[in-house]
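None of the figures in this text is laboratory data; all of them are computed from the coordinates on show. All of these numbers come straight from a predicted model, not from anything done at the bench. Note that each Cβ is placed from the backbone with ideal geometry, even for glycine, and that neighbours are counted across all protein chains shown.
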Amino acid sequence: MAFISGLENFVEQDTPLAERTWFKLGGAAEYFAQPPSQDALMSLVTRCREEELPMRILGGGSNVLVRDDGVKGVIASLEADAFLKIEVEGNRVRAAGGAPLAHVISAAVGAGLSGLESLVGIPGSIGGALHTNAAGHAGDIGQWTSRAVVMTRTGEILERAKEDLDFSYRQSSLDELVILEADFELEPTDPKALTKRMQQQWIVKKASQPLAHQAAGCLFKNVQGTSVALLIEQAGLKMATAGGAAMSERDANFVVVRDGGTTKDVIELIEMIQNSVRDRLGVELELQLEIW
Ligand SMILES: Cc1cc2nc3c(=O)[nH]c(=O)nc-3n(C[C@H](O)[C@H](O)[C@H](O)COP(=O)(O)OP(=O)(O)OC[C@H]3O[C@@H](n4cnc5c(N)ncnc54)[C@H](O)[C@@H]3O)c2cc1C
């Protein structure tokens, strides 16, 4: 049986991924799926297991760099309404895995619930934020997460209670195939003061990252509390380039890509920075970005 047989209404072949990522680089997915419902997602997961085809979930594509020759297997995107729901009840916000983080923050702030506003300006989805434990200066998403629902690689749906969840710097125990939903227990606050705080944080964040129109991505994890941007500057690499990829003038931990740049250029720049920081400062830089 062809892999796609029976799934044609939501699975395509050879789908370009570049425009679905912040880097706007890289090749096509062998198969690209936009399941319309949880049942359809489960059929896809089951088929991937039967056919031994690797499957990954693409959120907002803000922490992923796709290789120039594309990605083997199935890339699934949770863009259907079934994966975008956001509900507010009392102090709790419940959000589906595909919901944009920005929409969830707006819903919480609009309801006068404080906590998630510290993540303002971080691109991507709730699933991506939970998988990477996205964090701003004032805390991470994990500290507000009280429950999650996931789908495993065998298609099982499991609920994870707060005590089963473990979050640390850019790491999360939510590493099952799909994060379907999560609950956030937040703190009631005056909505006006909260909105003002969020706007201030947004201005600071915007000023410190590449311009919105630039194809860009964040590269490395900080090293034991030391800002990696500072280490890159100390190693004299603030303006380093490789082909069409260059370190951002605004934040030395971001790469921006010029017209004609490729994933190969970004990978060369990553390796050059890692090697130079190791040679000059004796520090090992670990990638935050995932290369697919
Ligand atoms: C301009 C810019 C600014 C940034 N600023 C910050 C920052 O301040 N703080 C910070 O922590 N990060 C930052 N990042 C990195 C990135 O935005 C975060 O890691 C973000 O949370 C990733 O979410 P995403 O939906 O884009 O995930 P993607 O890049 O699409 O995917 C990242 C990982 O999450 C997995 N994933 C996505 N959705 C799901 C799901 N539903 N279920 C299971 N797994 C899933 C993917 O498979 C992949 O492994 C920044 C990136 C950019 C480009």
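In table form, for the structure just shown:
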{"quantity": "Rg in Å to one decimal, and Dmax rounded to a whole Å, for segment 155-292 via C-alpha atoms", "calculated": "18.6, 51"}
{"quantity": "Segment 1-108: GluC sites (Glu not before Pro) falling in loop per DSSP and having at most 10 other Cβ within 10 Å", "calculated": "8, 52"}
{"quantity": "Neighbour-count ranking [beta-carbon atoms within 10 angstrom, fewest first] of 114, 106, 37, 5", "calculated": "5, 37, 106, 114"}
{"quantity": "Hydrodynamic radius of segment 84-207 per Kirkwood, over alpha carbon pairs, in Å", "calculated": "14.4"}
{"quantity": "Footprinting exposure proxy for 103, 137 (fewest neighbouring C-beta atoms within 10 Å first)", "calculated": "137, 103"}
{"quantity": "Percentage relative contact order, segment 215-291, counting C-alpha pairs under 8 Å, at least six apart", "calculated": "37"}
{"quantity": "Under-27-angstrom lysine pairs by C-alpha in segment 145-290, whenever the two are 8 or more apart or on separate chains", "calculated": "12"}
{"quantity": "Potential lengthening between residue 187 and residue 5 on full extension [0.36 nm per residue; Cα-Cα distance subtracted]", "calculated": "60.7 nm"}
{"quantity": "Per residue Cα convex hull volume in Å³ - calculated over the chain", "calculated": "130"}
{"quantity": "Cα centroid of segment 61-103 to Cα centroid of segment 5-25, whole Å", "calculated": "15"}
{"quantity": "Distant alpha-carbon pairs in segment 215-291 (separation over 15 angstrom), percent", "calculated": "48"}
{"quantity": "Exposure proxy ranking, count of Cβ atoms within 10 Å, fewest first, for 163, 117", "calculated": "163, 117"}
{"quantity": "Solvent-free Debye scattering, log10 I(q)/I(0), computed from the Cα coordinates of segment 11-80 at q = 0.11 Å⁻¹", "calculated": "-0.24"}
{"quantity": "DSSP beta bridges in the chain [antiparallel fraction, %, rounded to 5]", "calculated": "80"}
